[in-house]
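Reading through the C-alpha cells given below for one structure.
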Amino acid sequence: HTRMLAQDAWRLLSPGGWLILEVDCRRAQQIAGWLSSHAAYVEVAVLQDLARRDRVVVARRRADRNSELAN
C-alpha cells in the first residue's frame, strides 16, 4: 500500500513538494530505503515520535520535472 501511495503521490506532488508518511515503526527504515532508491525522491529521512520510535518518513519530490519514479 505504501508503494502505491508513493507512486501516486509522485504524480500529484509539485516539483519540490514533500511526501510525509506516518508509518509502522517496524517498517520505517524499509520504506525510507525504498524511497531513497528511486529517482523521483530526494532528502528522504525518518523522524521519531515522542517515544523515540521511527514513526514518520519524509521525502521531497525532485524539482526536475523530467525525473521519473522507477518501479
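Miscellaneous remarks
- When His38 is tested against the conditions (1) free of Cβ contacts under 8 Å to residues at least 40 places away in the same chain; (2) of a type outside the set (Ser, Thr, Tyr); (3) in a loop (DSSP other than H, G, I, E, B); (4) open to solvent by 40 Å² or more (accessible area, probe 1.4 Å), the lone failure is (4).
- Per-region count, the stretch 7-29, residues open to solvent by 80 Å² or more (accessible area, probe 1.4 Å) and touching a helix residue (DSSP H, G or I) at 6+ places or on another chain (Cβ under 9 Å): 1
- In the stretch 15-31, the residues that are of a type in the set (Phe, Trp, Tyr) reach residues that are open to solvent by 50 Å² or more (accessible area, probe 1.4 Å) with C-beta atoms within less than 7 angstrom, at least six apart or across chains, in these pairs: Trp18/Arg60.
The values are calculated or read from the model by the stated rules, or taken from the named source; none is laboratory data. Since the structure is predicted, the reported quantities are computational estimates derived from the model, not experimental observations. Every residue, glycine as well, gets a Cβ built from its backbone with ideal geometry; the counts of neighbours run over all protein chains shown. Each accessible area value is taken on the protein alone, full model and side chains, heavy atoms only, with ligands, DNA and RNA left out. Shrake-Rupley method; radii C 1.70, N 1.55, O 1.52, S 1.80 Å.
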